[in-house]
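What follows is one structure encoded as structure tokens, with my remarks underneath.
The values are calculated or read from the model by the stated rules, or taken from the named source; none is laboratory data. Everything quoted here is computed from the prediction, not taken from an experiment. Every residue, glycine as well, gets a Cβ built from its backbone with ideal geometry; the counts of neighbours run over all protein chains shown.
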Amino acid sequence: MTKAIQSIPHRRIFFCLFGYVLLSERVVVGDPRAQTVQVMCGRQLEHNSTIFVPNFVATMENISEQMRSSGFGVAVSGSGPDINYGLAQCYGDLSLLDCVLCYAEARTILPQCYPYNSGRIFLDGCFMRSENYSFYEEYMGPGDKAVCGNTTRKNSTFAESTRQAVSQAVTSASNNQGYAGVQFPVPGTNESAYVLANCWKTLNASSCRACLENASASVMECLPSSEGRALNTGCFMRYSDTDFLNKDPGNGSSRGSIVIIVVSIASSLVVLGLGVSMGVYIWKRRYIMKKRRGYNEAQKSARTLNDSSLNFKYSTLEKATGSFDDTNKLGQGGFGSVYKVVLHWFLYAIVVTKNTCLNALLIATVLSRNYTESLVILTWKYFQAGKVEELYDPNLTLHNHHDKNVKNDVKRAVHVALLCTQEISSLRPTMSKALQMLKTEELLPRPSNPPFIDEMTMELNDTSEDPCYPLNSGALASIATIDNSSFHPR
């Protein structure tokens with residue numbers, strides 16, 4: 001986290017430089033004119049969103065690549081009712097850099113037409129359209145309209161100059177690959193009428209001229225307003241008393257291409273760096289939280305064991321040891337005889353609580369006949385040596401049993417038990433997983449050593465300092481702490 005925090009000032013410096021480059025380039029090259037004029041959405045809903053959306057995204061991605069290099073792009077994605085046709089084009093006076101900025105704005109707005117399967121957007125610097133059919137040769141349609149500005153009203157002299165400028169733009173654009181920018185002075189004033197006319201590049205010369213003539217007639221209806229726009233199916237036209245035209249890009253196109261490449265690479269590196277930093281931060285945070293969670297669970301389990309009462313009635317112990325039958329006698333300790341007890345209800349309670357430390361401590365209190373090592377240690381040794389069958393109680397008479405499935409089930413139970421008592425708690429299966437292991441024939445993983453085993457020396461580990469075993473402090477594993485009237489964990 002410290003490194004991440006320290007790196008923030010460097011990122012701020014980079015973003016400041018990045019913004020300065022963009023602003024500086026915009027001043028030199030021109031204005032992207034990314035203001036929205038009109039958004040027109042279709043009336044037909046998309047057929048299948050799970051297919052339509054990916055097709056739309058693929059079309060836009062394809063067009064994006066073309067816009068960066070030429071300022072114009074068409075693409076088709078999908079088939080059938082979910083097919084998507086797209087077109088985007090910047091007006092002829094925009095540099096490539098300004099074109100990309102205008103297109104980026106259009107691309108963020110056009111998806112607002114969803115869930116309709118078509119839409120078009122006119123910006124002052126570019127145009128974009130999406131349909132479920134091929135519309136590339138269309139130049140007139142029912143949606144053609146004029147949008148008039150309501151800023152100021154001009155005199156008749158300006159209106160006449162505007163008409164001449166529009167007529168000149170129609171003629172020039174028809175002979176100039178569909179684009180024209182005209183400045184026409186207003187006699188007797190310092191003003192001029194500025195006109196932009198642009199056809200889509202999918203139209204031929206005759207279709208382009210027809211579209212512009214229709215647009216000119218439409219936009220002239222806005223006079224004497226100081227500004228007007230014609231939004232046609234195949235072209236765009238605008239006039240104004242303010243100079244909105246960018247200078248001829250000329251060498252700015254190549255310069256804009258270089259800037260676009262540099263900005264794209266730099267922004268990609270920034271995004272990659274942020275992604276890596278965020279990934280490392282999230283990984284470290286999860287790792288720390290996982291360690292804290294394990295420590296908290298250990299503390300909770302220790303408190304549960306420490307607070308629980310392990311003193312039993314004499315009648316309960318008498319029943320659990322079979323009236324202190326010699327067959328249940330494990331040995332002789334410093335405080336008297338040590339007996340094996342069977343408390344079914346208590347074992348069931350252990351399973352329900354799912355306290356891993358509690359499980360380990362209670363299992364460790366059950367001693368083998370020499371009472372110097374727990375049954376867990378003894379079981380682990382036999383499992384390591386491949387002699388699990390020697391752990392069987394002779395009273396089970398498994399050696400006389402002819403059904404191998406019974407023996408395999410017993411071995412599987414021992415295997416699962418060792419998986420449930422591994423020293424690393426995160427490796428232990430959940431209760432549902434343990435039950436699944438017992439019921440199915442799935443391949444079981446090899447267990448790691450239990451918590452009281454040194455894997456190399458096969459000796460008891462010192463757990464007196466382990467927060468998971470607070471009751472072990474000052475007690476040796478070979479000293480019995482069980483008599484006929486009490487039961488204490490070791």
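Details
- Only one of the listed residues (Val39, Val74) is at pLDDT 90 or above, among the β-branched types (Val, Ile, Thr), in contact with a strand residue (DSSP E or B) (Cβ under 9 Å, 6 or more places away or on another chain) and surrounded by fewer than 19 Cβ atoms within 10 Å (Cβ to Cβ). That residue is Val39.
- Residue satisfying condition, being buried (at least 18 other Cβ atoms within 10 Å of the Cβ) and in the same structural domain as Pro224 (by TED's automatic domain parsing), within set Ser118, Ser161, Ser156: Ser161
- Residue list for the stretch 130-159, filter: in contact with a Gly (Cβ under 9 Å, 6 or more places away or on another chain) and among the β-branched types (Val, Ile, Thr): Val147, Thr157
- Residues in the stretch 85-115 that are closer than 15 Å to Gly42 by Cβ and over 27 Å from the mean Cα position of the chain (by Cα): Tyr85, Gly86, Leu87.
- Listed by position, the strands (runs of 3 or more DSSP E) inside the stretch 186-245 whose residues that are under 15 Å from Val37 (Cα atoms) number at least 3 are 227-231, 235-240.
- For the stretch 68-94, residues that are in a helix (DSSP H, G or I) and under 20 Å from Cys199 (Cβ atoms) total 1.
- Condition check for Ile121: modelled with pLDDT of 90 or more and assigned to a helix (DSSP H, G or I): no
- Qualifying residue in the stretch 181-189 (condition: in contact with a Gly (Cβ under 9 Å, 6 or more places away or on another chain), over 18 Å from Asn214 (Cα atoms) and assigned by TED's automatic domain parsing to the domain that holds Glu213): no
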